[in-house]
Amino acid sequence: MSKPSVDELLRGSTKSYEPSIVTRAALESLVDASRAEAARTRVNRRRRSFWLIPGALVAAGALTAGAALFAPHFDPDVRIPIEYATDTGVEVTCTYALRVGSVVGGENPQLREWLTSQDWSGVGQRIYEDAVANPFVPGEDDEGEWTAEVVDSVSFFDAMARQIAVPDGLAVFGDEVAGTSDCTGQLH
């Protein structure tokens, strides 16, 4: 019997990943938002690619909503403290971590500098208020079990993407902002 190769050992050590209902809901929300934004931006060719930047930020948050905060090989550029009080008086504290990269190579130090130099104090309460004011409403085509907790979570992560959005023109084609969070999106 021969020794297994490194590839065989690594292949055997992987765990299967089944996204949570919250993650699937957030991704479906992202797809719907991206389709709507794409339809609006087709008229203006110059701005066509800019919808990808906030979409990537939403996707990064949505994909990692249920993940452990700092996964191996994720070295964030900024850790944003998210602190807020719900309408029922619950104090919530969690973190949103972001890393700047590029899918085409190179660096965008201005984007990294913008993220790291922001005063993020109070952003948690702004996210909460935005989520309550603009709740996600599942459409007819949205599949899944839409419990109040799932709707709250999707509303929260949509609001997070709006409140922690990169300004137009700062990110260039190929830039990506990856993120992970230990927030659950509790609104009540």
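List of remarks:
- Additional length obtainable on full extension of the chain from ALA165 to GLU113, 0.36 nm per residue less Cα span: 17.3 nm
- For ASP182, distant residues with modelled amide H under 5 Å away: THR95
- ASP32/ARG79 FRET efficiency (R0 25 Å; Cβ-Cβ; nearest 0.05): 0.30
- Chymotrypsin sites (Phe, Trp or Tyr not before Pro) restricted to DSSP loop in the range 129-188 with at most 14 other C-beta within 10 Å: PHE173
- Highest-first packing order for the peptide set 114-121, 160-167 is 160-167, 114-121, based on the mean count of other beta carbon atoms within 10 Å.
- Stokes-Einstein diffusion coefficient of the range 118-187, Kirkwood radius over Cα pairs, 10 °C, 1.306 mPa s, in µm²/s: 116 µm²/s
- Here the range 63-188 has 51 percent of its accessible surface on carbon and sulfur atoms, given a 1.4 Å probe and all protein chains in place.
The values are calculated or read from the model by the stated rules, or taken from the named source; none is laboratory data. Small disclaimer: the values here were computed from a predicted structure and weren't measured. Cβ coordinates were reconstructed from backbone atoms using ideal geometry, including for glycine residues, and neighbour counts include every protein chain displayed. Ligands, DNA and RNA are excluded from the accessible area calculation, which covers all protein heavy atoms including side chains. Shrake-Rupley method; radii C 1.70, N 1.55, O 1.52, S 1.80 Å.
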